């Protein structure tokens, strides 16, 4: 049991608020070797919109909790 707890890494607050992958999704370079079709472009567009809406909702919830609680 102690080996299991030794191998686990403790998550810090910085790990929970790490947005590197999100920004990497929005600002990555296009791969010239990959074919792109309309369905793929639409899927990525909808994903970007949903990520932005989710982040805005989280900000609104946090602001409401801080100001009106």
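The values are calculated or read from the model by the stated rules, or taken from the named source; none is laboratory data. On a predicted model such as this, the values are computed, not experimentally measured, just so you know. Note that each Cβ is placed from the backbone with ideal geometry, even for glycine, and that neighbours are counted across all protein chains shown.
The figures follow:
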{"item": "Residue within segment 57-68 that is assigned to a helix (DSSP H, G or I), loosely packed, with under 10 Cβ neighbours inside 10 Å and modelled with pLDDT under 90 present", "result": "yes"}
{"item": "Qualifying residues in segment 1-42 (those that are surrounded by 10 or more Cβ atoms within 10 Å (Cβ to Cβ) and more than 15 Å from the chain's Cα centre (by Cα)) - the one modelled with the highest pLDDT", "result": "42"}
{"item": "First in segment 37-61 and free of Cβ contacts under 8 Å to residues at least 12 places away in the same chain and on the phi > 0 side of the Ramachandran plot, second anywhere and surrounded by fewer than 10 Cβ atoms within 10 Å (Cβ to Cβ) and in a helix (DSSP H, G or I), Cβ under 9 Å, 6 or more apart", "result": "none"}
